[in-house]
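The structure appears below as structure tokens.
The values are calculated or read from the model by the stated rules, or taken from the named source; none is laboratory data. As the structure is a computational prediction, the values presented were derived from the model and not from experiment. Virtual Cβ from ideal backbone geometry, glycine too; neighbours counted across all protein chains shown. Accessible surface is based on the protein model in full, side chains and every heavy atom, while ligands, DNA and RNA are left aside. Shrake-Rupley method; radii C 1.70, N 1.55, O 1.52, S 1.80 Å.
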Amino acid sequence: LLRECAVILGLKREVRFCESKEIRAPAVAGIWNSRVVLPLGFAGGLSDGQLKMVLLHECAHLRRRDLAAMWLATMARVVHWFNPLAWLAWRAARTDAEFACDETVLHRTGDEVPPVYGETLLQLSQSLAWRPSAVPVAGIFESRRAMYARVANIARYSRPAGRRVSFAALLVVGVGVVFAVDESPKPGTDGGAPSDGVL
């Protein structure tokens, strides 16, 4: 199942997996030897569909290289330990990473995924208790308030229409070209030679 999730998320390398009694929530740990870590016995409490949602989310962290970003944010927090803004920025970075992973999973999966994904997050919010880890990790659960906001965001998610996006891009480019072209002045308006129209 983990290999299937890695393929869906476009990961080129093999994803390693382990269980640990030292963690309370699923996470990805390690920068060079990254692996998905689940609490001991965690998988037995989920259906195959729910477990797939969890693994997809963790693979999204690997695809986005969130662990490296978390290490940098943690180092900044350590250096500026006295600054409350550094702590707020660290927490905001973690929450933003979770929202971005949700978006990645929804974008790369079918239309039937959002309901199952949202239900899985709600179940995890009731059964898991998050606490900061000693080393930076990227997981699926931060806080119940953030989790509910993510579920609401998933409920509002709609897959972007490729044709609309392409048409909008062409429209923007077309308008830019029209306004970027320097029209040649009418004869007699500036008393000089007509412009060659080069920008």
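If you roll a 1.4 Å probe over the range 1-118 with all protein chains in place, what percent of the accessible area is carbon or sulfur?
Reported share for carbon and sulfur atoms: 60 percent.
Figure the gain on full extension for Ala89 and Arg13 (residue separation times 0.36 nm, minus the Cα-Cα span) and round it to one decimal in nm.
24.2 nm
Counting only the backbone N, which residues of the range 51-75 are under 19 Å from the spot 7 Å out from the Cα of Gln123 toward its beta-carbon?
Hits in the range 51-75 for Gln123 at 19 Å: 51-59.
With the other protein chains left in place, how much accessible area per residue, in square angstrom, belongs to the range 1-111 at a 1.4 angstrom probe?
57 Å²
Separation between the Tyr148 and Glu103 pseudo-spin-labels, each 7 Å from Cα along Cα→Cβ, expressed in nm?
Distance between the two pseudo-spin positions: 2.4 nm.
Take the Cα atoms of the range 4-104, build their convex hull, and give its volume per residue in Å³.
Cα-based convex hull of the range 4-104, divided per residue, equals 107 Å³.
Using the Cβ atoms and a cut-off under 10 Å, what net charge is assigned to the surroundings of Leu1, where Lys and Arg are +1 and Asp and Glu are -1?
0
As an exercise, identify the trypsin sites (Lys or Arg not before Pro) in the range 1-85 lying in DSSP coil whose Cβ has no more than 11 other Cβ atoms within 10 Å.
Of the trypsin sites (Lys or Arg not before Pro), the ones in loops of the range 1-85 whose Cβ has at most 11 other Cβ atoms within 10 Å are Lys12, Arg13, Lys21.
Out of the range 22-71, which chymotrypsin sites (Phe, Trp or Tyr not before Pro) are coil in DSSP terms and have no more than 16 other C-beta atoms within 10 Å?
Here the chymotrypsin sites (Phe, Trp or Tyr not before Pro) that fit, given the DSSP loop and packing criteria, are Trp32.
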